[in-house]
Amino acid sequence: MLSVRDFWRRHRRKVFFSVGVFGSGYLLYKLYGAHRHGIQELERELAAQRETEELMKAQMQAHFENIQRISDVTLPHAMHDLSCRITEELDLSHLLERLIQGKGQPNSLTQSEKLDLWSRLKILSFTRMALSVWATTMLSLYTKVQVNILGRHLYIDTARSLGISDSLESVDVVDREDHKKFLDSVDFLSQHGMPALISDMEAATKEVLKGKQLSTFFSSTTLHETFMQILNNFMSMGSPNYWIKYMIPEHVKPYSSNSSSDDRMLSDVTEYEQLMMEAQAVLSSAEFGSIVEVSLQAVVDKLVELMGVKFSGGSITAGLPLARVLPQVAQMCPLLLEEPSKNQFIQIIKNIQEVELFFTLLYANMPSD
């Protein structure tokens, strides 16, 4: 019978091998278990992340749709107010009535008075047209700026709110008040900016029309050039981007988020004030200036085209005396100020490729805090 020592001496290699195999198997089992546990943890984390992302998307979609609904109401309301103010402030009816009266009663007006009335009608007709083109374009673009800025804030606010245990509803009530106030700021143009806008647009018009007599022939090309000269002259008056004062109150502080002092300043302002500062920064940018130029050009192109079609009986294509062009200019203004759903010019601005690209990049690159 073999002793334990003999058994060990004869089988120790097998024992070592068996123990090694068993130990390796156990180690592999433990490693596999740990790996499987890690995968399960990762899967749970990914599932939770997907759930958070879906919740964020749902919250953002709900908020953004609410903002879009408010914006869809805001622009028609702003356009209505704008139309009323322009009609009220640049009323041509009294000039036309006096000229018609003078035609029926030749002795009721002196030659000097007739010339003065025609001169005033000439300036106001082109002022009203150029102002309508500019204001319609700017309101259309400004409301898109507002929606994009709010969309960016909603992304940030929704992401933050998902990490807060408090009710989202309590956060949203405050936000909605500031958001609505921000969207309502589109009325600043018609409520406060109009007197200075009319004065400056009239000054630009007088400069361009200087020397143009009632007998001067105006073709489609001449009319197009005249409108663009008035608008360019107006946009270049004063300091760069001076025209922002018609859209945004001048007391709004410049927006910046680069320095610690700016960060401290931003922490002391309301969300409404920060939104206004960001809107001012967008309107002051060179990129926004470029899409304003493109949009004004597109609106004037369409305007002159429609005038050629609408007044084909007295075609402006070949050329007409300025005196015969003025009534046509006056009749086109209401088309520029129609409600957005019927307004051909607002639809043209929306479909400009450069405008679409600008607002896509604006939303993607807007700084977050």
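The values are calculated or read from the model by the stated rules, or taken from the named source; none is laboratory data. Not measured: the values here are computed from a predicted model. With ideal geometry, Cβ positions are generated from the backbone for all residues, glycine too; neighbour counts draw on all protein chains shown. In case anyone asks, the SASA skips ligands and DNA or RNA and just uses the protein heavy atoms, side chains included. Shrake-Rupley method; radii C 1.70, N 1.55, O 1.52, S 1.80 Å.
Things to note:
- For segment 248-256, the criterion of being at pLDDT below 95, among the basic types (Lys, Arg), open to solvent by 20 Å² or more (accessible area, probe 1.4 Å) and in contact with a Ser or Thr (Cβ under 9 Å, 6 or more places away or on another chain) is satisfied by no residue at all.
- Sole residue being over 24 Å from the mean Cα position of the chain (by Cα) and at pLDDT 90 or above, chosen from LEU162, LEU209, LEU214, LEU189: LEU209
- Near pairs, Cβ below 8 angstrom, 6+ apart or cross-chain, from segment 123-134 (touching a residue at least 40 places away in the same chain (Cβ under 8 Å)) to any residue that is among the hydroxyl-bearing types (Ser, Thr, Tyr) and assigned to a helix (DSSP H, G or I): ILE123/THR205; PHE126/THR205; PHE126/THR226; THR127/THR205; ALA130/THR205
- Residue that is nearest to LEU189 (Cα to Cα), among those in segment 142-157 that are modelled with pLDDT of 90 or more and among the β-branched types (Val, Ile, Thr): THR143
- Tally of residues being open to solvent by 90 Å² or more (accessible area, probe 1.4 Å), over 34 Å from the mean Cα position of the chain (by Cα) and at pLDDT 90 or above across segment 80-127: 2
- Complete set of residues in segment 314-360 that are within 18 Å of the chain's Cα centre (by Cα) and free of Cβ contacts under 8 Å to residues at least 24 places away in the same chain: GLN347, ASN351, GLN353, GLU356, LEU357, THR360
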